[in-house]
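Let me begin by presenting the structure, written as structure tokens, before commenting on it.
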Amino acid sequence: MENNIIIRLENKEEWKQVENLTREAFWNKYHPGCSEHYILHKFRKRSDFVKELDYVVEKDGEVIAHIMYCNSKIQCDNGDFVSVMTFGPVSVLPKYQGKGYGSKLIKFTMGKAKKLGCGALAITGDPKYYRKFGFVSGHSMNIYYDPFPRNEEIPFFMVKELQSGYLSGVIGTFKDPEGYIVENAEVEKFDTNFPIKEKKILPGQLS
């Protein structure tokens, strides 16, 4: 780790700053504008938010990256539930993206999650990026992503065991925690608390 880099827990006084960081990181990335900063804001009040993994990267006194974790679960076909964790958004200020700070934060916090007793992670994201951290498609582990049909492999849904064999014999379905579902009108209202930014339709967006 660089001498001028600190990975530490977020302070409550930094919440607004980190939400703005998240907004900057995702603005116009997947669709015009973004909702990730509002998702983070709402999760802070939820019981499934994992405050012990609410980490930031500080560089030369500036907070440049953040990661959020929440508790989630796999609904097994036999009626049981298997507890896992989900992370995201993972936010890096645009001028620092592509320099490895997000990777450092992910690796660091996955280690912390394991020490907290987390057996596995279930996430959505770019498989090309997350494969380097040991994530594999959920389909390959018999973990399926709701609401898609089981015979349809969803490459952006991935899992990773933090404890060897934790998902062995598990067959079931993963559904995004409710906190990730937000209404556009609520996002628009929340966005008035931040500097005005132009929403743009750009190549590569999901919608």
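So the values come out like this:
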read-out	value
FRET efficiency, residue 152 to residue 9 (Cβ-Cβ, R0 41 Å, nearest 0.05)	0.60
Separation of the residue 132 and residue 71 label points, Cα + 7 Å toward Cβ, nm	3.3 nm
Under-5 Å amide H pairs with residue 55, H placed in peptide plane, nonlocal only	10, 67
In order through region 89-96: 3J(HN,Hα) via Karplus (6.51 cos²θ - 1.76 cosθ + 1.60), integer Hz, x for Gly, Pro	x, 9, 10, 10, 3, x, 5, 10
Estimated FRET transfer efficiency when R0 is 30 angstrom, pair residue 198-residue 114 (beta carbons, to 0.05)	0.15
GNM result for the chain, Cα springs below 10 Å: residue of 11, 142, 78 fluctuating most strongly	78
Residue-by-residue Karplus 3J(HN,Hα) for region 65-75, coefficients 6.51, -1.76, 1.60, Hz, glycine and proline x	7, 8, 9, 10, 10, 9, 6, 8, 7, 9, 7
Other-chain or far-sequence residues with amide H under 5 Å of residue 31's (modelled H)	206
Sorted by Cβ neighbour density within 10 Å, fewest at the top, the residues 77, 191, 54	77, 191, 54
Candidates 93, 21, 116, ranked by Gaussian network fluctuation over the chain, Cα under 10 Å, top entry	116
Footprinting exposure proxy for 103, 140, 47 (fewest neighbouring C-beta atoms within 10 Å first)	47, 140, 103
Value of [θ]222 nm, deg cm²/dmol, for the chain, DSSP H segments ≥ 4, -39500 (n - 2.57) each, nearest 500	-6500 deg cm²/dmol
Across 45/73; 51/128; 16/99; 29/175; 12/132, pairs whose alpha-carbon gap is larger than 30 Å	12/132
Approximate shape of region 85-207 as ellipsoid semi-axes (Cα gyration tensor, √5λ), whole Å, largest first	28, 20, 15
Counting DSSP beta bridges with both ends in the chain, the antiparallel % (nearest 5)	90 percent
Dipole magnitude (debye, nearest 20) for the chain, charges at Cβ of Lys, Arg, Asp, Glu	480 debye
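Read the figures in this text as sums done on the coordinates, not as results from a lab. Computed from a predicted model, the values in this text were never measured in an experiment. All Cβ positions, glycine included, derive from the backbone under ideal geometry; neighbour counts span all protein chains shown.
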